[in-house]
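Comments concern the structure below.
The values are calculated or read from the model by the stated rules, or taken from the named source; none is laboratory data. Remember, it's a predicted structure, so these values are computed and weren't measured experimentally. Cβ: placed from backbone, ideal geometry, glycine included. Neighbour counts: every protein chain shown.
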Amino acid sequence: MHGSKIEQCRQKLLILRADLELEEESRRNTQQVELDQVSKGLSRRDAMHAQQAAEEGPRQRKRQLQRIEGALRRIEAGEYGNCFVCEEELDIAALSIDPTTTRCGNCAE
């Protein structure tokens, strides 16, 4: 893969990381969902569902941040852009969509 394409992916990864960090900071500054059904007029089931939904966002952000950090480490190590399974070069279109991609289309299936 050409150095300019790798640099484009690196820039995209850095922007994604900054966005996730900003989201996390924003989330910390807001109140967490309460399980107080009475004050919100929710059933216990609805309140628990709302709590689960509120907890899923941070988990997804953490997983995405881990994928971004891994991709940045692979760039620094000169190992970025190859499939983890078959070691073939990844399609640049796939990396443009998701620069954290680690498997080619064949191996992902």
State the number of residues belonging to region 68-84 that are surrounded by 17 or more Cβ atoms within 10 Å (Cβ to Cβ) and over 17 Å from residue 1 (Cβ atoms).
1
Among the residues of region 63-84, how many are of a type outside the set (Gly, Ala, Ser) and in a loop (DSSP other than H, G, I, E, B)?
4
Scan region 9-22 for residues that are farther than 15 Å from residue 66 by Cα, surrounded by 13 or more Cβ atoms within 10 Å (Cβ to Cβ) and without any contact (Cβ under 8 Å) to a residue 60 or more places away in the chain and jot them down.
none
Considering residues of region 85-109 that are part of a helix (DSSP H, G or I) and either polar (S, T, N, Q) or modelled with pLDDT of 95 or more (or both) only, the residue surrounded by the most Cβ atoms within 10 Å (Cβ to Cβ):
96
